[in-house]
Amino acid sequence: MKSALPQITHLSQERGWQRGTCNLLKDQKQIGRYKDKFGNDCWAFPNIDCDGDIRSIRYRVPPKAVGEKPRWYFDPTGSKRHALVWGDRLRAARIAIHENQWDAGTHADKLARYSAK
């Protein structure tokens, strides 16, 4: 089995996140790798319903050319989209709303840096 270490290093460098944040998200199965039907090795996030069941994954296909943006897809296609929830909403002192998983990861990373000081 291929080591996840280079992927975590790449994710940390690409997103500007601490390695600890990347490892935490990976260990909690909130981010992973997915090989799409064309063989692209993609970052992926689970699409989890309110009962905690994974209904699909949302994955990012890397750009094919310089200047092109990555593309996002769901597998299976046509799946209902669910809000990304980390933690217990009913016990939370604060709730943050983000446009996407990358923004939520960046927020978590910055909070970890702030609370570590």
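Observations
- Loop-located trypsin sites (Lys or Arg not before Pro) in segment 1-70 (DSSP state not H, G, I, E or B) with no more than 13 neighbouring Cβ atoms inside 10 Å: K2, K29, K37, K64.
- Applying the criteria of a DSSP loop state and at most 15 other Cβ atoms within 10 Å to the chymotrypsin sites (Phe, Trp or Tyr not before Pro) of segment 1-61 yields F38.
- Legend: ranking of residues S56, S12 from fewest to most surrounding C-beta atoms inside 10 Å; resulting order S12, S56.
- Net charge dipole, the chain: roughly 180 debye, given to the nearest 20, about the Cα centre with Cβ charges of +1 for Lys and Arg and -1 for Asp and Glu.
- The simple spin-label model puts a point 7 Å past each Cα toward its Cβ; for D51 and K110 those points are separated by 3.7 nm.
- Normalised contact order of segment 1-65, rounded percent, pairs of Cα under 8 Å and 6 or more residues apart: 18
- Residue-wise HN-Hα coupling along segment 84-89, computed from phi with Karplus coefficients 6.51, -1.76, 1.60 (Hz; x: Gly, Pro): 7, 10, 10, x, 9, 4
- Put simply, segment 41-117 fits an ellipsoid with semi-axes of 25, 20, 9 Å; these come from the alpha carbon gyration tensor as the roots of five times its eigenvalues, largest first.
- The chain: most fluctuating residue of I57, I95, I48 per GNM, C-alpha cutoff 10 Å: I95
- Selection from P46, G87, Q13, by position along the positive dipole direction of the chain (Cβ): Q13
- Cβ crowding within 10 Å ranks T106, T77 as T77, T106, fewest other Cβ atoms first.
- FRET efficiency, 1/(1 + (r/R0)^6) with R0 22 Å, evaluated for Q28 and W72 via beta carbons: 0.55
- Residues whose amide H falls under 5 Å from that of N47, counting only those 5 or more places apart or on a different chain, are R55, S56, I57, R58, with hydrogens built in the peptide plane.
Read-outs: derived from the displayed coordinates by stated rules, not from any lab. This is a predicted model, so every value here is computed, not measured. Cβ atoms come from the backbone with ideal geometry, glycine included; neighbour counts cover every protein chain shown.
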